[in-house]
Amino acid sequence: MSDTSVSASSSNEFFGHPKGLVICFLTEMWERFSYYGMRALLIFYLTQHFLFSDEAAAGIYGAYISLVYITPVIGGIVADRYLGPSKAVILGAILLVTGHMGMAIEGSQAIEITVQGKMSIERDPFYMQIFYMSLALIIMGVGFLKANISTLVGSMYERRDPRRDGAFTLFYMGINLGSFLGAIACGFLLQYKGFGWGFGAAGIGMLFGLLVFIRGKHLFGDAGKPKRPELLKQILLPGINREIAIYILTLLGVLVCWQLMQNRAVVGGLVGASLVTMTLVVVMYGFLKCETHDRNRMLVCLFLMSYQIVFWGLFEQTGSSLNLMTDRNVDRVIFGFEVPAAAFQSVNAFFIIILAPLFNAAWIYLAKKGWEPSTPTKFALSLIQLGLGFLFLVYGASLATDPTQVALIWLVLLYLLHTTGELCISPVGLSMTTKLSVPSVVGMMMGCWFLASAAGNYVSGTIAAMTGSDTIGGEVADAGAALSAYVEVYSTAGWYSIGIGVFALIIAPLLKYFMHGIK
Ligand code: GLN
């Protein structure tokens, strides 16, 4: 990372880390507050406000959460070549504030009408369009913000700086602090005030993120700036320089996403096509522009990124099928108080905040002894833990005598194992991407990291749709049948994940060899 690094002088440090890390932490915390706060409500908004069937809702949800992670490739490339990370983050944050505020425009609830014995749902087309447009703004906003804020974290450390993994762990805690607070705040606002309030809170959170970043962006020095500022000033059309052209194209991108959200059948193809294209781009870049060691590292990095397809495909049941299952089949009463299902979206984030420092300490302790697992081994372990989490819930469900009363502890155990799994893949992968990539394309590679996440999220929508049950007016018709559907899908998911994890464990030493001394 030497060419983009800001060497951290002690006056510029905060608890041994560059002060810019605090800005990345807070900006991403607020961004994730809005993202996860909104996401905790989304499936309920679709099934209870717009009265979509489980299957249709899972389709919309899946398309949204995959598009959200496709666009970081574009945001990463545009920042690498033209805008630089700081301008890209600000652009993303503005789009996000607008999108989340748009979600707060709730409009009238859909109604079920029966004409000549045939039931159909009537939804106000105007509010449906506002809804899709808001999602589109969020999708493009995440695209510009997510990869670039992560790249900025890496840019503050030299390639072999031992503080790098710790910095990403801290950053990841920021992500999850935001996610934790967002799910709780928006979940409770939904319960007591309605959807508009919940979504509005997400928008206000993002506004704080934007303000924090604008105040602190000077701390990144050259790492935040465009590499070739003269390119931005270049006039492309009368009165339009490249920078303005980028903003206009971004708005066109919003329109494209707005349409994509309404033509969801193409999203799967788009994810697939983007994966193939980016794989070819990275492989070609490796062969044409890199020397052998750098090329091997980039290829290993690309291969490891693909594990995320399995990981997020299953993990992301959290916001969709697990969220609905929690609502329908889990006993949510704690000390006489019924906790809203959406609030359980915060459990994973809570565990991350508690466990991330422990994991960090464990990695450092193991590293000192020479026993720290390599990145490929950590990834393999993450898949095994993910699978075990599902099998715990499946076992817990088999103990329930009433299908609406599965004991909460099994859900919590699932989240615990999913969290330990996440800690072995997600922050580790961000750090890996910044150290295995050559610096000139680190934004693009970070985009690829999130693209693999997009593929996982798309798969998760497909899996969630398999768990769908019949509903009447947004309520499940038969809780027993619903639980059986969840159990069947989750037990298959659990065993597959463990199997793939074991295979990944076997090939880990080979991958490590091709990382040439970078762990
Ligand atoms: N939970 C993490 C975040 O929101 C990782 C998400 C992902 O890569 N799919 O940043």
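The values are calculated or read from the model by the stated rules, or taken from the named source; none is laboratory data. In this text the structure is predicted, and so the values were computed from the model without any measurement. Don't worry about glycine lacking a Cβ; one is built from the backbone with ideal geometry, like all the others, and counts go over all protein chains shown. Calculation scope for accessible area: heavy atoms of the full protein, side chains included, ligands and nucleic acids excluded. Shrake-Rupley method; radii C 1.70, N 1.55, O 1.52, S 1.80 Å.
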>> Tell me which of 190, 231, 246 sits at the most positive position along the dipole axis of region 163-255, charges placed on C-beta atoms (Lys, Arg +1; Asp, Glu -1).
In response: 231
> Per the 1.4 Å probe, what fraction of the accessible area of region 433-495, in percent, lies on carbon and sulfur atoms?
Replying inline: 60 percent
>> Taking amide H atoms as placed 1.01 Å from N in the peptide plane, list the residues 5 or more away in sequence, or in a different chain, whose amide H sits under 5 Å from that of residue 241.
In response: 236
> Ordered by packing density, taken as the mean number of other Cβ atoms within 10 Å over each peptide's residues, highest first, how do 92-105, 408-421 rank?
Replying inline: 92-105, 408-421
>> Students often get this wrong: which residues of region 163-204 have the backbone nitrogen under 19 Å from the point 7 angstrom along Cα-to-C-beta of residue 354?
In response: 170, 172-185
> With labels modelled as points extended 7 Å from the Cα through the Cβ direction, what inter-label distance (nm, one decimal) is found for residue 337 paired with residue 277?
Replying inline: 4.9 nm
>> Just to be sure I understand: if I project the alpha-carbon convex hull of the chain onto a plane and average over all orientations, what area do I get in nm²?
In response: 25.0 nm²
>> How large a share of the accessible area of region 258-399, in percent, is made up of carbon and sulfur atoms when the probe is 1.4 Å and the other protein chains stay in place?
In response: 70 percent
> Using alpha-carbon positions, what is the distance between the centroids of region 263-336 and region 373-431, in Å?
Replying inline: 17 Å
> Using modelled backbone amide H atoms (1.01 Å from N, in-plane), which distant-in-sequence or interchain residues come within less than 5 Å of residue 330's amide H?
Replying inline: 406
>> Rounded to the nearest percent, how much of the accessible area of region 66-208 (1.4 Å probe, protein heavy atoms only) is carbon and sulfur?
In response: 66 percent
>> Could you tell me the calculated FRET efficiency between residue 404 and residue 120, based on Cβ-Cβ distance and R0 = 22 angstrom, to the nearest 0.05?
In response: 0.15
> Long-range amide H contacts for residue 14: which residues qualify at under 5 Å (H placed 1.01 Å from N, peptide plane, sequence gap of 5 or more or a different chain)?
Replying inline: 19
> Which order do peptides 434-446, 64-76 fall in by mean Cβ count within 10 Å, highest first?
Replying inline: 64-76, 434-446
> Within straight cross-link reach of residue 233, meaning Cα distance under 29 Å, which lysines are found once same-chain residues fewer than 8 apart are removed?
Replying inline: 87, 146, 217, 225, 289
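Between beta-carbons, use under 11 Å as the cut-off and find the net charge around residue 229, counting Lys and Arg +1, Asp and Glu -1.
Neighbourhood net charge equals +3.
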>> If you count only protein heavy atoms with a 1.4 Å probe, what accessible area per residue comes out for region 310-362, rounded to a whole Å²?
In response: 32 Å²
> Using helices alone, what [θ] at 222 nm do you get for the chain, with -39,500 (n - 2.57) per DSSP H run of 4 or more residues, divided over all residues and rounded to the nearest 500?
Replying inline: -25000 deg cm²/dmol
> Separation between the residue 128 and residue 14 pseudo-spin-labels, each 7 Å from Cα along Cα→Cβ, expressed in nm?
Replying inline: 4.6 nm
>> For residue 368, give me every one of the lysines with a C-alpha distance below 16 angstrom, ignoring sequence neighbours fewer than eight places off in its own chain.
In response: 519
>> What is the sum of charges, Lys and Arg at +1 and Asp and Glu at -1, for the other residues whose Cβ falls under 13 Å from the Cβ of residue 138?
In response: +2
> For region 66-190, what is the accessible area per residue in Å² when the probe is 1.4 Å?
Replying inline: 34 Å²
> Which value results for Rg/Rh of region 338-398 when Rg is the Cα radius of gyration and Rh the Kirkwood radius based on the inverse mean 1/r?
Replying inline: 1.10
>> Can you compute the equivalent ellipsoid semi-axes for region 357-484, i.e. the square root of 5 times each eigenvalue of the Cα gyration tensor, sorted largest first and rounded to whole Å?
In response: 36, 21, 9
> Accessible area per residue of region 387-519 at 1.4 Å probe, in Å²?
Replying inline: 37 Å²
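If I take R0 = 35 Å and measure r between the Cβ atoms of residue 245 and residue 306 in this structure, what FRET efficiency does the formula 1/(1 + (r/R0)^6) give, to the nearest 0.05?
The calculated FRET efficiency here is 0.55.
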>> Limiting things to C-alpha atoms, what are the Rg and the maximum Cα-Cα separation (Dmax) for region 281-354, in angstroms?
In response: 20.7, 64
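Once you list every other residue whose beta carbon is under 14 Å from the beta carbon of residue 76, what net charge do they have if Lys and Arg are +1 and Asp and Glu are -1?
Working: positive: 81, 87, 146, 227; negative: 80.
Charge balance near residue 76 sits at +3.
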